[in-house]
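> Pasting a structure here, questions to come.
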Amino acid sequence: MKISIKTISAQTGFSPATVSNALNHKKGVNAETAKTIIDAAKELGYINQPEITKIRFVIFKRNGLIIDDTPFFSLLIDGVETECRKYGMEMVICHLNYSDTDYKAQVNTLLHDKSSAVILLGTELMEEDVSLYKNATCPFMLLDYWAWDMSFNGVLINNADSARLAVDYLIRNGHKKIGYLRGDFRIKAFRSRCSGYLSAMQKAGLDVCDDYILTLGTTLNGSYTDMLSRLDHMQELPTAFFADNDMIALGAMKALQEKGYRVPDDVSMIGFDDLPFSEICSPPLTTLRVPKLEMGQLAVTRMMQIIKGDRIKTKCQVCTEFIERKSVKYIGREEA
């Protein structure tokens, strides 16, 4: 039997006009309806799926303040490339800039290329950016981001638990006045780390002092400059800081040292990511190591399952490793 738009309409319960609009990616059809119609069209054989031969690794930039100033993502890309080679897939790196005038057209082209699968690096995604990606007709997943409505497959860092682990380490080393260095660009990962910080403080019965929560730039120089400015107006410092990432921690450490504070004798510091130069700074930075290479490999492995027809949405969280170095001072036994 020849499959037609009327056949798909009967199968899905949507009108022929809605089916036609969805199959032609026209505006006016919501993402959930479009997906139902396209899935039915594939099952009925109306849409013939070409063989997927490449994985597009798409780097989304809202402003580049996180992506551009750190070596973190080059290691992630290495993991994606290694695993693509293992599966015999071509890897293509693409860039999406939110500020481009044809941004939405670029997204539309990517999402409907049936010869490719898309892994979107969503580190800089905001909630309001996500809906545009819900009508993807190619295999699609998010890396370093998770949508709360569970509309996508995702691989991300276990941010909240990792932050709790870091703050708990400070508490076990006797610290009670613990500050938080928060990046001024509030990506979802940072907000999850903030939740972990607050949770650890609450569990230990410690007060969170607003004066100890400092908002700093997310670049090395931005963090350094902002911390210098904040130190000029602070009456008292906490005994320790947990920072959203290593870039912020390292910039803040430089500012503290320039103002005459000793790390960790006067102020302890913990970062997040374990960037290559965190081990060679002075003092070497205690931090949380993200398995960057393995995270990229896991994303490709999961994508291959999606390409083969796995329809179960999954959220894969990678756990960090606590790296103890010299930037935290033991200041007293934890009270029972």
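The values are calculated or read from the model by the stated rules, or taken from the named source; none is laboratory data. Just so you know, these numbers come straight off a predicted model, no measurement behind them. Positions of Cβ are generated from backbone atoms using ideal geometry, with glycine treated the same way; all protein chains shown enter the neighbour counts.
> Any residue at all in region 223-240 that's crowded, with 17+ Cβ neighbours inside 10 Å, without any contact (Cβ under 8 Å) to a residue 60 or more places away in the chain, among the small types (Gly, Ala, Ser) and touching a strand residue (DSSP E or B) at 6+ places or on another chain (Cβ under 7 Å)?
yes
> Confirm whether residue 104 is out of contact with any Gly (no Cβ under 6 Å at 6 or more places or on another chain), part of a loop (DSSP other than H, G, I, E, B), in contact (Cβ under 8 Å) with a residue 12 or more places away in the chain and more than 17 Å from residue 32 (Cβ to Cβ).
It is false that residue 104 is out of contact with any Gly (no Cβ under 6 Å at 6 or more places or on another chain), part of a loop (DSSP other than H, G, I, E, B), in contact (Cβ under 8 Å) with a residue 12 or more places away in the chain and more than 17 Å from residue 32 (Cβ to Cβ).
> Checking residue 186 against (1) under 23 Å from residue 299 (Cβ atoms); (2) within 18 Å of the chain's Cα centre (by Cα); (3) assigned to a loop (DSSP other than H, G, I, E, B); (4) not small (Gly, Ala, Ser), only one condition comes out false. Which one?
For residue 186, the failing item is (1).
> I'd like to verify a number: residues in region 32-84 that are in contact with a Lys or Arg (Cβ under 7 Å, 6 or more places away or on another chain) and closer than 22 Å to residue 155 by Cα, how many? Give the derivation first.
Residues of region 32-84 that are in contact with a Lys or Arg (Cβ under 7 Å, 6 or more places away or on another chain), as a first pass: 49-50, 67, 72, 75-76, 79.
Adding the requirement that they be closer than 22 Å to residue 155 by Cα leaves 67, 72, 75-76, 79.
Final tally of qualifying residues: 5.
> Quick check on this structure: which one of 42, 54, 61, 114 is within 30 Å of residue 277 (Cβ to Cβ) and of a type in the set (Lys, Arg)?
Working: 42 fails: within 30 Å of residue 277 (Cβ to Cβ); 54 fails: within 30 Å of residue 277 (Cβ to Cβ); 114 fails: within 30 Å of residue 277 (Cβ to Cβ).
After ruling out the rest, the residue left standing is 61.
> Could I ask something else about it? For residues that are in a loop (DSSP other than H, G, I, E, B) and out of contact with any helix residue (DSSP H, G or I) (no Cβ under 7 Å at 6 or more places or on another chain), tally how many sit in region 253-273.
So the count comes out to 6.
> Separate question: Which one of these is among the polar types (S, T, N, Q) and more than 19 Å from the chain's Cα centre (by Cα): 99, 131, 151?
The conditions single out 99.
> I need the full set of residues from region 10-19 which are under 14 Å from residue 34 (Cβ atoms), crowded, with 16+ Cβ neighbours inside 10 Å and among the polar types (S, T, N, Q), in order please.
Matches in region 10-19: 12, 18.
> In addition: Can you pull out the residues in region 57-103 that are more than 17 Å from residue 291 (Cβ to Cβ), of a type in the set (A, V, I, L, M, F, W, C) and modelled with pLDDT under 90?
Listed by number, the residues that qualify are 65, 66, 67.
> Within region 35-88, count every residue that is of a type in the set (A, V, I, L, M, F, W, C) and either assigned to a strand (DSSP E or B) or within 30 Å of residue 223 (Cβ to Cβ) (or both).
Matching residues across region 35-88 total 14.
> If we scan region 156-169, do we find a residue that is touching a residue at least 40 places away in the same chain (Cβ under 8 Å), assigned to a loop (DSSP other than H, G, I, E, B), farther than 25 Å from residue 262 by Cα and not β-branched (Val, Ile, Thr)?
Within region 156-169, one or more residues are touching a residue at least 40 places away in the same chain (Cβ under 8 Å), assigned to a loop (DSSP other than H, G, I, E, B), farther than 25 Å from residue 262 by Cα and not β-branched (Val, Ile, Thr).
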